[in-house]
Amino acid sequence: MAMERVGLYRSQNFEDSWEVILHPWFREQNLGREVSAGTAAVIVPHVSCIAFLKARLLEQESGAFGIFFFTSRTLREFLLRNLATLPPLVSREDARLFVSLAAEKISETRVAQAVSHSPDSFLYILKQITGGGWELRDWENKEAENIARQFLRYLERAGMQTVQQADRRLLRESETMEPFFQRILVYGFSEREWPQLLLLRAAINFARRATVVLLEEGLDDSGRSWLGTWEEFFGNAETVASKRDREESGFDAVTDNLEGLIESGVGESLPKQVIYRVTENRDNEAKTIVAQALTFLSESDSVRVGIVFSRPSVLSRLVTDYLVTLRIPHYDSLGNVPGRGPIELILDMWIQLQEEQRLDSLLDFSCALATGGFLDPKISASLKTICENAAQEVLTDELAVLKAFVLQERMESPAASFFSWWVLFPKVASIGSLIDWTEKFLSLLDSPKVTSNLQRKAKDLEMLREIEVSRENFCQWLRDVFKDSQRIRNELGQNPFSRIHILSFDEFSGESWSHLIVGGLNSDEWPRSRVESGLFSGDQIGKLNQMVLKQGRQGEGHVVLEADNSWIHSSSDLRLSSLVHFSRLLRVPRRGLALTFSAEKRTATLEMGRPSEFLLKVYWVDKGSLLEGDELKTLIKKTNGWLDGMFSKTLDSRDQTDQMLSAFKARRDPEKPFSEYEFSYREPPSGGLSLSASAWDILMERPAEVWLNHVLKLRKRQNWSEKMGSNLAHGSWVHSWLRIGNERGEFIPFPKADDWRESARHSAHLTLDKVSLAYRKAGREVPDWWLSQWNEATEVAEQFLERLTGIAKWTHLASERPLPTNGAALLPDGTRLPIKGRMDLILANGSIEGCKCDDAWPADASAWIIDFKTSAGARPLTSRNFLKGYGLQIGLYAQSLATMGCQSISMSIALSHSPLRPQINQEDLTTANTLWQEIARVHNTGVVGQSSELRSNFSFKGDYPIATLQVDPAIIERKRAMKREGKKSQTEE
């Protein structure tokens, strides 16, 4: 149906548009009583613009009764609901899945692999091409074109359509249907919204009367053709006369020169009217933004303060948190991503388990189940022990192999039952079967909301159930399905009529602000980087755009695009558009403008943060100098001075801050001994500090690690993917193969050399057979690297046996003999040190046969304790290196035997490449008084302390939480000296 009238206007600022066009339009609508509710609509680019218009209407005491407010997205959804004949829109998760399916089906080329792993980039290009009105054959990449065609076939089969297809269909329908609306108002769109052109044309066709106000931005081909194309369809655009006094804003001069700088790259010094706030960290920047907003609000001419960020970020979250802390109402258009609940976390772990199918993901999943109450914690702990032991024997963390190994070795174990409960996805399976397995898992979680969400999405794929998909791509689809896309806001941040609004750079659509703060102007945020794709280059985009540019009906200078085409933005177009948009943004505030930037060092490079190109250009135009070096430091100092004392109410938790500060200072005070802040008990523990023999050994070199691991029970999760290697094979396998005798570690007669060799070879081949069977059950052959490791381990075991079987004069031995249940080592000063541990091998003479672990040692029996070491850095024991703590574990074993009554004890660290003989004896232990005194002191006081270095680039110093900060080694050495001198901390006194 022919439209009665379309009014087309062009404007540079909101105030002019409001006075001349917008406010009269709303007033006329309110007076039009003959118009029924819902027959008028306002269409804007973003939700924040809707909030702004409603706030302005409230200020003017104007209503919005009977008016629909739409963004592009909600308008499209409204029209599709009212046109039931059109297919539904494809969701983001389904589109990603279809692209991955298409890439898997087409070929195994690099292009297909890249598209399968990064479907979002491909979808963005496809959106550009089809949204621009081009055919797939215009794509100068045959492989990408084939993937796109297959994607569209999947889309059609599923009965869905893309946004671009929907817009074209809506435009066609609008040309033949009766209008939905009596009147519509389109405001705030510029050439940045080229992809919405067809939808906006359809909306205009669906109305009897339309008023369109376009924003003027760029003067390049994209900007000129945007206005020209609108004029081609709807006649000449009338320029909204500016009634705004240019002296009203003190920032027009800056932006005028900034636009000149865009063209020429030079600028001149300008009056000092922009406020620059530079801080040393992001937290202070957030406080500065809040303080500046409150300062602007306190000014007599303040109407509305806008706070603009590049995108939702940590900084924007901090600003909203501080506003909430101060109980200040505001409108937060960015919001925050909600946290994951217990069910969602379990679901995330399960998807990760299905995708990776590695031991780490299994342990994470079982832990999440136990935490959520879906699995007995004892079963979870048992599963962890069984699977880690299996991983050490099989020497792999692949779950399919571990599952087969556990099921064949431990059929009655909790781990076997666990594997029978949870089905593992095959590498490739049909979509239908994978969905069914997922529904079965969700039924165990008893979460109707999550289950119904999956069932709803499964209906969309009903026609594709038999299509096969890789495990990785299906798991990514599941992640997308269960991801909560809604952003949440605090109650104080849901006030569209408040005077503080927080919005993103892209959301700015020409709204009017008395004051504006642009935050986070760092180089990695402004402008947002957009990497040009190798599948659709900037040159090809430029070529296509030029092909559809033509002269309009107004004659020379009237640049338009062909009726069915839209402008495609290249990465360089977007970059230039962002800079122009930024200069327009700075024109908006009438009374105050502040730009903020954080020079916080980045963790990865430890380099000071750099100002963005936008900020550098503005500062150069305004001040005539570069924002760097001393000038930057001066601004930081000036900002800090201004910020001090701005808040009468603290924005931080004082108790927590004080405690953290006290700990920080105590750890760095060279005159204070180790205290509870430095890996130590506040008061001596009852009965003293109790550790295993191996833990005491580690404590000599890495005391802080022992405190975290053995006292606090905080251990870094072992990355089994990294751990697999020769050290694990040689250490675990060789110890196991060399073991002879019973499992209780009782003494047996010294075996014959051939019998011992045969026992070790049998154990080694048993390992090979069991692992080979597990790999076959998992549908794989034993890898060559695994066989190589096994061969190396057997050679090491043979070398140890060569040395062990050559030993004479020893009548008995015991393998893996534990210390007594309530065993202890009696130290020279009389301290009774509780000790736990298991000796690799102990040789004995005398009447030792029948002596159990808890029995007293026979008076006539001597002992030789042997500890096997397979690591490259191991070295023999000497009396000299024992004084420094090396081999303390064996020394504690010897002290425990001496406490049991053994009178003659020798000790050795056995190396596969060195002759085996006794290396130190009991007399060497008695000379280590300083060492025993230190152990007694740590045991009695519970003061562990730390070593000089927590981390080193040249050697392993232990695993510590990332928040454990390094302290000057000289301070640590001073504290260690006070510890040796026996000085007490203030808390002990």
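Structure above, values below:
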read-out	value
Coordinate range along principal axes, alpha carbons of the range 454-567, Å, largest first	57, 46, 31
Within-11-Å neighbourhood charge of M160 [Cβ basis; K, R +1; D, E -1]	-2
Under 5 Å, built H, 5+ apart or other chain: amide partners of H812	F750, A844
Prolate/oblate/rounded call for the range 693-834, Cα gyration tensor, a/c under 1.5 rounded	oblate
Cβ crowding within 10 Å averaged over residues, with 12-21, 634-643 ranked highest first	12-21, 634-643
Antiparallel DSSP beta bridges within the chain, as percent of all bridges there, nearest 5	35
Positive-pole candidate from Q554, M463, V711, dipole of the chain, charges at beta carbon	V711
Label corresponding to P(r) over Cα pairs in 20 Å bins from 0, in percent when calculated from the structure given, among [x] 10, 30, 31, 20, 8, 1; [y] 12, 37, 33, 15, 3, 0; [z] 14, 45, 36, 5, 0	[x]
Top positive-direction residue, dipole computed over the chain with Cβ charges, set I307, Q292, W857	W857
Mean ellipticity per residue at 222 nm, deg cm²/dmol - from DSSP H runs of n ≥ 4 across the chain, formula -39500 (n - 2.57)	-14500 deg cm²/dmol
Relative packing of peptides 476-485, 305-314, 60-69 - highest average C-beta neighbours within 10 Å first	305-314, 476-485, 60-69
Signed unit charges on C-beta, dipole axis of the chain, positive-most listed residue L521, S675, L576	S675
Average accessible area per residue (Å²) across the chain - probe 1.4 Å, nucleic acids and ligands excluded	46
C-alpha center-to-center spacing [the range 132-188, the range 335-404] in angstrom	43
Angle between the chain longest axis and helix 47-59 axis [Cα atoms, degrees, rounded to 10]	50
Rounded Å value of the spacing that divides the Cα centres of the range 37-85 and the range 16-31	15
Charged-residue dipole, Cβ positions (Lys, Arg, Asp, Glu), the chain about Cα centre, Debye nearest 20	1240
Using θ = phi - 60° and Karplus 6.51 cos²θ - 1.76 cosθ + 1.60, couplings along the range 412-420 (whole Hz; Gly, Pro as x)	9, 7, x, 5, 5, 5, 4, 5, 6
Surface share of carbon and sulfur [accessible, 1.4 angstrom probe, percent] for the chain	49
Relative packing of peptides 114-126, 330-342 - highest average C-beta neighbours within 10 Å first	114-126, 330-342
Principal-axis tilt of helix 377-394 within the chain, Cα atoms, nearest 10 degrees	70
Overall form of the range 722-941 per C-alpha gyration tensor (a/c, 1.5; a/b vs b/c)	prolate
Sparse-neighbourhood loop sites, trypsin sites (Lys or Arg not before Pro) in the range 281-334 - DSSP loop, at most 14 other Cβ within 10 angstrom	R327
Net charge of neighbours whose Cβ lies under 9 Å from the Cβ of N473, counting Lys and Arg as +1 and Asp and Glu as -1	0
Proximal charge balance of R183 [Cβ under 9 Å; K/R count +1, D/E count -1]	+1
Crossing angle, helix 888-900 versus the chain [Cα axis fit, 0-90 degrees, rounded to tens]	40
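The values are calculated or read from the model by the stated rules, or taken from the named source; none is laboratory data. If you're wondering where the values come from, they're calculated on a predicted model, not measured in any experiment. Every residue, glycine as well, gets a Cβ built from its backbone with ideal geometry; the counts of neighbours run over all protein chains shown. Calculation scope for accessible area: heavy atoms of the full protein, side chains included, ligands and nucleic acids excluded. Shrake-Rupley method; radii C 1.70, N 1.55, O 1.52, S 1.80 Å.
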